[in-house]
Structures are given as C-alpha cells and as structure tokens.
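Down below is the structure, laid out as structure tokens.
The values are calculated or read from the model by the stated rules, or taken from the named source; none is laboratory data. Here the structure is a predicted model, which is why all the values come from computation and not from measurement. When we count neighbours, we look across all protein chains shown, and the Cβ atoms used for this are built from the backbone with ideal geometry, even at glycine.
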Amino acid sequence: MNVGQLMFAVAVMMLTSIVAIGVAKKLNIGAIVALLLVGLALGPHSPRPLLTGHIGELRAVGEIGIMLLLFAVGLGTVPAQLWSMRRLVFGLGSAQYAFTTAAIGAFLFATVGDASAHWHSVLVVSLALAMSSSAIPISILQAQGDSASTQGRAVIAIDIFQSLMAIPVLALIPVLGMASGPGAHGLDIEKVSAVVAAIAGVYVLGRFILPWALGLAARHLGPGGFALTVLAAVFLAGGWMDSVGISIALGAFMIGVLLSTTVYADQIKAAVAPAKQVLLALFFIAIGMAIDPRELVEFKADLLLYVPGLLLIKFIVLFALARFFQLESRSALLAGLLAMPFDELAYVVMASAKANSLLDARYYSVGLVVVSLSFAVSPMLINLGYKWSDRLRHQRVKTAPDPDARIAEDAVVVAGYGYVGRVVCAILGRAHIPYRAFELDPERLEKGRQSSHNVQYGDATDMRMMEAIGIRNARLVVVTTGHYESTRRMVGNLRHFFPRVPVMAAVPYLAQRDELRELGAARVMALMPEGTLKFGRSILDRLGMAIERADSIIRALKANDYAALRTAGAAEQN
C-alpha cells in the first residue's frame, strides 16, 4: 500500500466511523459495536475490502489507545481513594478473579474433550477470560454518569486488581510453556529481578522525575511541550514494562496514579484525551478487521456454546459476589453486566500462549472470535440492563458525583489566577463557596499555593479541558484570564457547547465587554472605566471639590453606558 492509498484508506475509515457512530447513537447500541462493524466492513474479509494488510500493526497501534485509557483511569485513582476502596479492590476484586478463573476452568474441562491432557492451556485461557474489559465498562459508566456509583466503584476496583494481576499472568505463560514441553524449568530469578526493577523504575519516574519535568515544561514550553512531556513519559513507562514482558497498560496506569495527586492532573487528562479517543477507535476497528465471517460459520457450534456460556459464568459469579459484599440488587446486576466483556489483554495473553505452544491454531482462532463477539454483544446487554434495572431504581442509594465530572454542581470555576482571579478566589474563600481556579503560569500557581487557594495547572479555555473537568456541572464560570483572546474563546465555547452554564467575565475595556455580550455573555464587566472613575473621584475629593459637584461629574461620565469615555479610550480598547 503506497502513501496515497493509505491516506485514502484512513479518510474512508474516519468518515465511515463517524457515520457508524452516529447511527449507533440513534439506535442506542454503543460506539464500540459500530467500530467493530466498520472494521468488519473495511477489512480483508469483507466482500469489498479496503485494507488487506497491516492489521497486526493497526492493532498494535490501537493498543496504545488502551494504554492511554488505563493512564486516564490511573489519573482518576487518587491513592487516598484507592486505599479507601481497599475492601473492594482486594476483597471483591481478588474474589471475582479467583472464582471466575475457577468457574471458567471447570466449564472448559467439561466442554473440551482433551482438556485434562492440556491443563496448562486451560489455565492460561481461564486466567485471560476471567479478566474484564476496561474500554467498554468505563466508557459506558462515563456516558451514564455512573463512575462513582456503587457499581462504578465495584467495576473500577475489579479493573485495578486485574491490572495488578497482569504481571504474574503474563510472566506465567513462558513458564507453563516450558512445563508443558519436554523439559520443565523453575522460576527465572533473572526475569523476576527485571520485573521488580521495571516497576521500581516506573515508580521513580512517575513519583519524582516526571513532576519535576512537567514543572519545567509548564514554565518554559507551554501547553504543547507539557502534553509532549506527558505522552513521552507514558510511552517510556509502557515500553519499559513491555521490555520485561509486562502489559504496557500497567506502566501507564502506574504513571497515572502517581500523577493523580499533582496540580497537573486535570490538564494531563485533557492533553491525552484526543489521542486516546482516536487510538481506541483504531483498536476496535482493527479487531473488526480481524474477524472472518467464514470462521463465524465454521465455529458456529463452538460459538453458540462458548459465547453465552462464558459471559453467563462471568455475570453469575460477579452478581453473587456483589450481593455477598452487600451491593444492592440494582448495583449488583449492573456490576455483573459491566464486568462481563472480556479484557483486551486476552488478545495479548492468547497470542503469547500460542507462541509458547499452549494453544493450537484452531482454539486460538476460536478464542479471538469469542473475545471479539463479547465486545459486540456486551454493550447491547449492558444498555438493556440499564433500562431493565430502572424497575429497581427505588432501591438505589444516593451516590457521590461522577469523579470524571470533577466540578461539583455547587462549585465555581475561576479561569485565570491573575490579580482579578486572586481577588475572586479570596472573596469566594471567605464566603465559604467551593471553587476551583485554573492557571498556566507556574509563578501564579506558587502564589496560589502560598495563599492556600484551590488553584491547579490547566488551560480552562480549552474545550478538552472543559470536558475533562466536567465544566457542565459548574454553578458559575468566572473568566479572569487577563488575555482578551483567551477570554473571548472561552466565552464563545461556553455559549456554544455549554449554554446552560452561567458565565461572568471581567475585561479591561468597554469595546471588549460589548463584543462578549454579542457572543451571548450577559454579565461582563469592563474594569477599566469603573476603576478609573473611582480613582478620578478620589482626585476631585483631594482637590476639595464639593461632593455634589464631584458626583455630578462622575454621573455624567457614566451616562449612556459611558458614552463620554468611549472616544477617549478607543485606541487602548482596540
């Protein structure tokens, strides 16, 4: 495929994906199903294939999307909150993985004729299929605003535990491969040491080196350099983990957790969001391309057994455990459905098992199709579960706000921490009104820290940042950036994309105020005339002018919306 063909193929993939996702939203079947169908329609097994090669490379690139997804999950997993979830992580998470692995193993021993002779293979497949997808449930939870609900916390806890289990599972495959061969070998101490060293190295990178580097990038390179620094660190951590045989997603998850307590967390999430969305879409398209409809026909007996059987096992185990851990019926039902789809890591595990002679070509193909079909079937079942579970809504307990929508409904967003922004924060603080201010200047961030103001690094005028912090939930947005172009861009974005969010802005000049009002911002104050008139009034007082005369002059200057001052200040206002 030459460059021109590749560009055409990418353009068709993007346009087809947009149309398919739009149709999927109308039919309420989920974007993942749409992307799988796009891959199936455009891939080498289609009657009119667009791409006939490089599917492995496309899937490898798409796996970077999974890595960035886990990185974003890590950013939302503040260590203090993780510790507060330890009962779910190490209780429900470990129990779910252990019982699901055992149940799937028993199912495979019962359905595969020669399973007892290949127990190594059954163990690897069971460990892989017991893991649950990150991409499907997290995206659905975010869409439903359920990330911090009881079922959301349960799913996140399971995902965190399974991320930790990726290390021993991937390290176990070569050992089982050797054990199933002519000569068995013991534990490779050198490999274990390399794994420990990699984990320690990623910890040092995320805990000490990266925050220092991000401070330098924010000070000297701006948002572009800041975003590149973040991505470079995530890729470095993923590559480091991959070099010792560990999932790249675990390295990204660790970096995310370590950065979650810094003032940069929200801006980081906004920086990686576009790349994550594009690469995740590519990942699912590549999976769709790998599905051969002829294999679906050939394996139909196996698929009719394994797909519903395995998904049902995962649902029953988790539903029972969720009830045991005292989740109410609706949350247990949704948690079981959300954890049904198989993990994207299953592709990696099965490929490694095949390379180590633990799976033959037929069962490897069946495994890939089963995992792929779970991506297609599970979103529809989960959406149906949400609709059906509304009958149990009377049992639903009140939950915390969605942590992905980080701005609480009673909080104020202050965009800019210059002089005006600092005064606004001081006023809100004294009034005990919750707020969050965002600023790109590291020196101003330091002033905010010294003043004990809630200021974080971030460009609140950026649409990606608005989405990342959940600005749609803000009680009020106060724009005090000090840069008129940034203020105008933010007001325009708010009026266009978040019209229900009230916004106030402070600008120096009347012409700027008028322009922002035309954009739809009803409450904009021009600071220059008010401050200047107050200063002028004090001059008249100092000169001994009578109070009545001074007041009359000031009223005349304010008349007709400062008409007398517009000509005098025209050059500065422009």
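Some notes on this structure:
- Residues within region 482-514 that are closer than 20 Å to MET463 by Cβ and of a type in the set (Asp, Glu), tallied: 1
Conditions (1) β-branched (Val, Ile, Thr); (2) modelled with pLDDT of 70 or more, marked per residue:
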site: LEU58; (1), (2): no, no
site: GLY65; (1), (2): no, yes
site: THR77; (1), (2): yes, no
site: ALA80; (1), (2): no, no
site: SER94; (1), (2): no, yes
site: THR101; (1), (2): yes, yes
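- The requirement of being at pLDDT below 80, surrounded by fewer than 21 Cβ atoms within 10 Å (Cβ to Cβ) and in contact with a Pro (Cβ under 9 Å, 6 or more places away or on another chain) is fulfilled nowhere in region 113-130; no residue meets it.
- Flag not set for GLY336, criterion: in contact (Cβ under 8 Å) with a residue 12 or more places away in the chain, in the same structural domain as TRP119 (by TED's automatic domain parsing) and closer than 22 Å to ALA286 by Cα.
- Residue identified as under 36 Å from the mean Cα position of the chain (by Cα), in the same structural domain as ILE433 (by TED's automatic domain parsing) and free of Cβ contacts under 8 Å to residues at least 40 places away in the same chain among LEU533, LEU519: LEU519
- Residue in region 21-44 that is at pLDDT 75 or above and in a loop (DSSP other than H, G, I, E, B) present: yes
- Taken over region 286-340, residues that are touching a strand residue (DSSP E or B) at 6+ places or on another chain (Cβ under 9 Å) and under 30 Å from GLY39 (Cα atoms) amount to 6.
- Of the set (1) of a type in the set (Gly, Ala, Ser); (2) crowded, with 24+ Cβ neighbours inside 10 Å; (3) in contact (Cβ under 8 Å) with a residue 40 or more places away in the chain; (4) part of a strand (DSSP E or B), all apply to ALA468 but (4).
- Candidate set: region 441-454, residues that are within 27 Å of the chain's Cα centre (by Cα), at pLDDT 90 or above and outside any helix (DSSP H, G or I); chosen: the one surrounded by the fewest Cβ atoms within 10 Å (Cβ to Cβ): ASN454
- Test for LEU214: is it free of Cβ contacts under 8 Å to residues at least 24 places away in the same chain, outside the structural domain of ASN454 (by TED's automatic domain parsing) and assigned to a helix (DSSP H, G or I): no
- Qualifying residue in region 494-503 (condition: part of a strand (DSSP E or B) and under 21 Å from CYS425 (Cα atoms)): yes
Yes/no per residue for (1) in a helix (DSSP H, G or I); (2) under 34 Å from the mean Cα position of the chain (by Cα):
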{"residue": "ARG472", "(1), (2)": "yes, yes"}
{"residue": "ALA506", "(1), (2)": "no, yes"}
{"residue": "ARG513", "(1), (2)": "yes, no"}
{"residue": "LYS558", "(1), (2)": "yes, no"}
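- Close pairs from region 382-396: first closer than 24 Å to PRO341 by Cα, partner among the charged types (D, E, K, R) and at pLDDT below 65, Cβ under 9 Å, at least 6 apart: SER389/ARG396
- Just one residue in the set LEU321, LEU296 is within 27 Å of GLN144 (Cβ to Cβ), part of a helix (DSSP H, G or I) and of a type outside the set (S, T, N, Q); that residue is LEU321.
- Considering residues of region 508-524 that are farther than 14 Å from ASP561 by Cβ and aliphatic (A, V, I, L, M) only, the residue surrounded by the fewest Cβ atoms within 10 Å (Cβ to Cβ): ALA522
- Residue satisfying all of: in region 324-342; closer than 14 Å to PRO137 by Cβ and in a helix (DSSP H, G or I); modelled with the lowest pLDDT among these: SER331
- Inspection of region 244-256 identifies no residue that is within 27 Å of MET463 (Cβ to Cβ) and either free of Cβ contacts under 8 Å to residues at least 40 places away in the same chain or not in a helix (DSSP H, G or I) (or both).
- Each residue in region 333-368 was checked for being under 17 Å from LEU312 (Cα atoms) and surrounded by fewer than 23 Cβ atoms within 10 Å (Cβ to Cβ), and 1 pass.
- Pick from region 165-185, criterion among the aliphatic types (A, V, I, L, M) and out of contact with any helix residue (DSSP H, G or I) (no Cβ under 8 Å at 6 or more places or on another chain), ranking: modelled with the highest pLDDT: VAL175
- VAL155 vs. criteria in contact with a Gly (Cβ under 8 Å, 6 or more places away or on another chain) and at pLDDT 85 or above: no
- Hey, ALA273 in contact with a helix residue (DSSP H, G or I) (Cβ under 6 Å, 6 or more places away or on another chain), aliphatic (A, V, I, L, M), more than 30 Å from LEU228 (Cβ to Cβ) and in a helix (DSSP H, G or I) or not: no
- Being surrounded by 23 or more Cβ atoms within 10 Å (Cβ to Cβ) and either more than 17 Å from TYR417 (Cα to Cα) or touching a Leu at 6+ places or on another chain (Cβ under 7 Å) (or both) is a description that applies to ALA505.
- Residue within region 256-268 that is buried (at least 19 other Cβ atoms within 10 Å of the Cβ), under 26 Å from LEU127 (Cα atoms) and among the aliphatic types (A, V, I, L, M) present: yes
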